[in-house]
Amino acid sequence: MAVEPLRWRGDRLELLDQRFLPDKTLYVTCRSAADVATAIRDMVVRGAPAIGCAAAFGVVLSGGSSEGYAALAKSRPTAVNLFWALERMKRAKDLEAEAKAIFEEDLAANRSMGKLGAELIPDRARVMTHCNTGALATAGHGTALGVIRSAKEKSVSVIACETRPYLQGARLTAWECVQEGIPCTLITDSMAGHLMSRGEVDVVIVGADRIAANGDVANKIGTYSLAVLARRHGIPFYVAAPLSTFDAAIADGSQIVIEERPADEVTGYRGTRWAPQGVGVRNPAFDVTPAELITGIICEKAVVLAPSREKLQPLISTGV
């Protein structure tokens, strides 16, 4: 990992401001839960596991106050890791020790997922991925991109979808790959089907922000389209996510709250506007991929092929 996405300094949390990558490496200093909540909402820090880690340290900065918990809980609604971390912090006696444990456990989970997932990746595979699921989205190493990192010795290459409208693939995934010398080709989201139809994609692997009890997966908008295309072309479609992303309280994907983000993320970027004034805008940040389209879910404990409620229940209920 070339850059640390989160740095705990004892009395403050420093977050790599991912809004400015790859052009600049800047850190935002958070000294309160409100600061962390703002950073999460404004996407200074993003990626479900990283959001959970940041929220945990936000609780430490608040001293465990109810106001701190409330501010953090309102920051983003879809990624369940946020709420998982907050519930875990509520049960902790030593807040700082618990936040550090959440961070270290996420890093260990990512490395375990990487090892398990790498076994599924063929030699010299051309791996398509969506959004950013690397070190920047986690405590380190990554989920889906972590699997690719762990399979690096197999001479794999990456096809990174740009991931409109926030360009996490173009700005962040491509940057991480370049930093580590992993061959990476950037494409626009609308090019994915074309490459699949020409036999230029061997496997698709993505992350997740929430996984329902039946295996339906909420992930960055555009994931569902890739899953449909992968099924049409007979390409394996995997999801990599830690157990903290599983939500036993959600029966299926229809119950997952989908965040709608500001219109200006669609009408332009970094101060440049390309859409006409007055046009209507929709900006759902996530979509839901049905379990039936998923070849397998990779977590830190196992790979669950053809995921279903029955197969996932032991993992969700016991964590083993």
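Scanning the stretch 41-70 for residues that are under 18 Å from A85 (Cα atoms) and free of Cβ contacts under 8 Å to residues at least 24 places away in the same chain yields S66, A70. In this structure, is L6 buried (at least 18 other Cβ atoms within 10 Å of the Cβ) and either at pLDDT 95 or above or closer than 21 Å to E104 by Cβ (or both)? For L6, the condition - buried (at least 18 other Cβ atoms within 10 Å of the Cβ) and either at pLDDT 95 or above or closer than 21 Å to E104 by Cβ (or both) - is met. In this structure, A302 does not satisfy being small (G, A, S), out of contact with any Leu (no Cβ under 7 Å at 6 or more places or on another chain) and at pLDDT 95 or above. Within the stretch 66-80, the presence of at least one residue that is aromatic (F, W, Y) and over 21 Å from the mean Cα position of the chain (by Cα) is confirmed. Sort out which residues of the stretch 12-40 are out of contact with any Phe, Trp or Tyr (no Cβ under 8 Å at 6 or more places or on another chain) and in contact (Cβ under 8 Å) with a residue 40 or more places away in the chain, and write them in order of number. R12, Q18, I40 - these are the residues of the stretch 12-40 that are out of contact with any Phe, Trp or Tyr (no Cβ under 8 Å at 6 or more places or on another chain) and in contact (Cβ under 8 Å) with a residue 40 or more places away in the chain. Inside the stretch 1-34, residues that are of a type in the set (S, T, Y) and in a strand (DSSP E or B) make up a count of 2. Checking each residue in the stretch 179-236 for being in contact (Cβ under 8 Å) with a residue 40 or more places away in the chain, in a loop (DSSP other than H, G, I, E, B) and among the small types (G, A, S) picks out G207, A208, A213, G215, G222.
Can you find even one residue in the stretch 177-198 that is in contact with a Ser or Thr (Cβ under 6 Å, 6 or more places away or on another chain) and either of a type in the set (F, W, Y) or crowded, with 20+ Cβ neighbours inside 10 Å (or both)? No: zero hits. Here's a check for you: in the stretch 149-167, which residue that is under 21 Å from R261 (Cα atoms) and crowded, with 22+ Cβ neighbours inside 10 Å is modelled with the lowest pLDDT? Residue satisfying both the conditions and the ranking: Y166. None of A139, A92, A170, A135 is in the same structural domain as L21 (by TED's automatic domain parsing), closer than 28 Å to E259 by Cβ and in contact with an Asp or Glu (Cβ under 9 Å, 6 or more places away or on another chain) except A92. When each of G215, G207, G181 is tested for being at positive phi and touching a helix residue (DSSP H, G or I) at 6+ places or on another chain (Cβ under 7 Å), the lone residue that passes is G215. Within the stretch 282-301, the set of residues being assigned to a loop (DSSP other than H, G, I, E, B) and within 16 Å of the chain's Cα centre (by Cα) comprises A285, C299, E300. From the list A174, A139, A160, A170, the one residue that fits, being among the aliphatic types (A, V, I, L, M), assigned to a loop (DSSP other than H, G, I, E, B) and touching a strand residue (DSSP E or B) at 6+ places or on another chain (Cβ under 8 Å), is A139. If you check I235, I256, I187, I221, which single one turns out to be touching a Pro at 6+ places or on another chain (Cβ under 9 Å), modelled with pLDDT of 95 or more and not assigned by TED's automatic domain parsing to the domain that holds D42? Within the list I235, I256, I187, I221, the selection yields I221.
The values are calculated or read from the model by the stated rules, or taken from the named source; none is laboratory data. These figures come from a predicted structure and were not determined experimentally. Every residue, glycine among them, receives a Cβ derived from its backbone with ideal geometry; neighbour counts consider all protein chains shown.
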